[in-house]
Amino acid sequence: MKRELTSWHSPSLNKEMPIAVYGDYGFALLLVPTAAADYLEYERFQLMDHIASFVDAGKVKVFSIDSINNESWLNNTMDPRHKAIRHQQWNDYVFNEVVPFIRTNTSAETPVITCGASFGALHSMNLFLKRPDLINGVLAMSGVYDLSEYTKGYFDDDVYFNSPAHYMPNLTDHNILEQIRKSQHIHILTGSGSYEDPGASGKFARILYDKGIWYELSVWGPEWPHDWNTWRAMLPHYLGSKF
């Protein structure tokens, strides 16, 4: 599997931000790490090994980026308002730097699908829903789509507008809703085992349903916990059957 590592100094975040690129061709899968992890997390936990056949076959080209959750929502010494500002800067990094980088390394017509597990699922869903003009779909595994689950009681406009469970019920912009509705790749996946919260996935799916948005909700059984063995099974299954 072809693998290239690169980085640049991000104007949005004012720091060096690395990215791992796997493969040559196919639609672009933008991987967002879990919780406090980094751009090589999916490689370390062998998820990349499990999707290598799709990468080598030219079905998908993977772009794996860093999170900055340790500098925002997971930083317990940081003022909550500054956490929200830092997260907004990370969104700007993705929209204004990562997506153009993907376009430069694929084409203007190549679909971009965000993907993540756990906290990465929330971010992946949020990125797609905020900018469906740039991102074409999402594959979210084991997510909770209420950002306030991570903010320790803090809530402001930036929390609201980055929490899909909060802003989607009130979204009325026809153009944005129509762009979201055009996507054939809104996949909400969850297990039912230890530390999973399938109810959160079902509740969020209902919000999309009420907005007339097509989605796929797949709830796996109690033998599938909130852990890597689940995600190593989910992602190749859906790459093989839905893309």
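The values are calculated or read from the model by the stated rules, or taken from the named source; none is laboratory data. A quick note: this is a predicted structure, and the numbers were derived from the prediction, not measured. Quick reminder, even Gly has a Cβ in these numbers, built from the backbone with ideal geometry, and neighbours come from all protein chains shown.
Here are some notes:
- Here Tyr209 clears all of (1) assigned to a helix (DSSP H, G or I); (2) within 16 Å of Gly116 (Cα to Cα) except the condition numbered (2).
- Test: residue in the range 167-182 that is in contact with a Lys or Arg (Cβ under 7 Å, 6 or more places away or on another chain) and assigned to a helix (DSSP H, G or I): yes
- Filter pass, Thr151 being surrounded by fewer than 23 Cβ atoms within 10 Å (Cβ to Cβ), without any contact (Cβ under 8 Å) to a residue 40 or more places away in the chain and part of a loop (DSSP other than H, G, I, E, B): no
- Selection from the range 60-78 of residues that are in a loop (DSSP other than H, G, I, E, B) and farther than 15 Å from Val21 by Cβ: Ser67, Ile68, Ser72, Trp73, Leu74, Asn75, Asn76, Thr77, Met78
- Among the residues of the range 35-60, those that are modelled with pLDDT under 95 and touching a helix residue (DSSP H, G or I) at 6+ places or on another chain (Cβ under 7 Å) comprise Ala35, Ala36.
- Residues of the range 18-42 that turn out to be touching a residue at least 24 places away in the same chain (Cβ under 8 Å), not hydrophobic (A, V, I, L, M, F, W, C) and not in a strand (DSSP E or B), as a count: 8
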